[in-house]
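See below for the structure under consideration.
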Amino acid sequence: MNKYLEIGQIVNVKGLKGEVKVNSFSEDSQRFEKIKTVFIKRKGEMKEYEIESVGYNKIQVIIKFRGVDSVEEAEKLRNAFILIDRNVLGDLPEGKYYIADLIGLEVYTESNEYLGKVDDIYNTGANDIYVIKDDLGKQKLLPGIKEVIKQIDLNQGKIIVDLIEGL
């Protein structure tokens, strides 16, 4: 498991005082209000930043970082990813997982047939959709519901699924 988790991406600047617009990857965008420091990863390097203030604009989070006080400084952060040390977030409830921990897990049916690896997970509003890619690059979409996703074992790096009728 990765020590750091991506929780957002800086997509633009806002105003002239160094604020940035962030697309949050978190189910709870207000999480940024509870965080004091984050890491910003750009061009392969990570640097720690203190959050000075948090606001909201439609679906984006507006963040002001201490020491980023101009539009020029903020512009340098565009397209960078915001990460947090996983230890700051605490433990997840039983049966909940970070998407970053599920990407790359091998997926098998209950009869031990290999389907591929988790390539992506996205939310439709009703439930998550697991994108499974086999060794030939063919994709299979599986709904993240208990009738399909039977077992997730992070230690063994695998997910057991039941391909209900229609899948």
**Prompt:** If you put +1 on each Lys and Arg Cβ and -1 on each Asp and Glu Cβ, how big is the dipole of the stretch 12-167 around its Cα centre, in Debye rounded to 20?
**Reply:** 720 debye
**3J(HN,Hα) from dihedral phi, the stretch 75-92, Karplus parametrisation 6.51/-1.76/1.60, rounded to Hz, x for glycine, proline** = 4, 5, 8, 4, 6, 6, 9, 9, 10, 9, 5, 4, 5, 5, 6, x, 7, 7
**Added length on full extension, which subtracts the Cα-Cα distance from 0.36 nm per residue, residue 75 to residue 28** = 14.4 nm
**Request:** Using per-residue counts of other Cβ atoms within 10 Å, averaged over each peptide, order 119-131, 52-64 from highest down.
**Result:** 52-64, 119-131
**Item:** Rh by Kirkwood over Cα pairs, then Stokes-Einstein D for the stretch 99-161 at 1.567 mPa s and 4 °C, µm²/s
**Value:** 112 µm²/s
**Request:** Quick one: order 22, 71 by neighbouring beta-carbon count within 10 Å, fewest to most.
**Result:** 71, 22
**Request:** Could you work out how far the C-alpha centroid of the stretch 1-42 sits from that of the stretch 139-167, in angstrom?
**Result:** 30 Å
**Asked** Can you give the helix-only mean residue ellipticity at 222 nm for the chain, where every DSSP H stretch with n ≥ 4 adds -39500 (n - 2.57) and the sum goes over all residues, rounded to the nearest 500 deg cm²/dmol?
**Response** -1500 deg cm²/dmol
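Calculate, in whole percent, how much of the Cα-Cα pair population of the chain lies beyond 27 Å.
37 percent
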**Asked** Hey, got the dipole for the stretch 1-72? About the Cα centre, +1 on K and R Cβ, -1 on D and E Cβ, debye to the nearest 20?
**Response** 80 debye
**Item:** Lysine pair number, Cα distance threshold 16 Å (strictly under), the stretch 4-89, separation 8 or more or different chains
**Value:** 17
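Averaging sequence separations of C-alpha pairs under 8 Å and six or more residues apart, then dividing by the length of the chain, give the relative contact order as a whole percent.
The value is 19 percent.
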**Item:** Highest to lowest packing among 147-155, 10-18, scored as the average C-beta count within 10 Å
**Value:** 10-18, 147-155
**Asked** Amide H to amide H under 5 Å from residue 144: which residues, 5+ apart in sequence or cross-chain, H placed 1.01 Å off N in plane?
**Response** 128, 129, 130
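Read-outs throughout are calculated quantities, based only on the coordinates presented, and are distinct from any laboratory measurement. The structure displayed is predicted, hence computed values, not measured ones. Cβ coordinates were reconstructed from backbone atoms using ideal geometry, including for glycine residues, and neighbour counts include every protein chain displayed.
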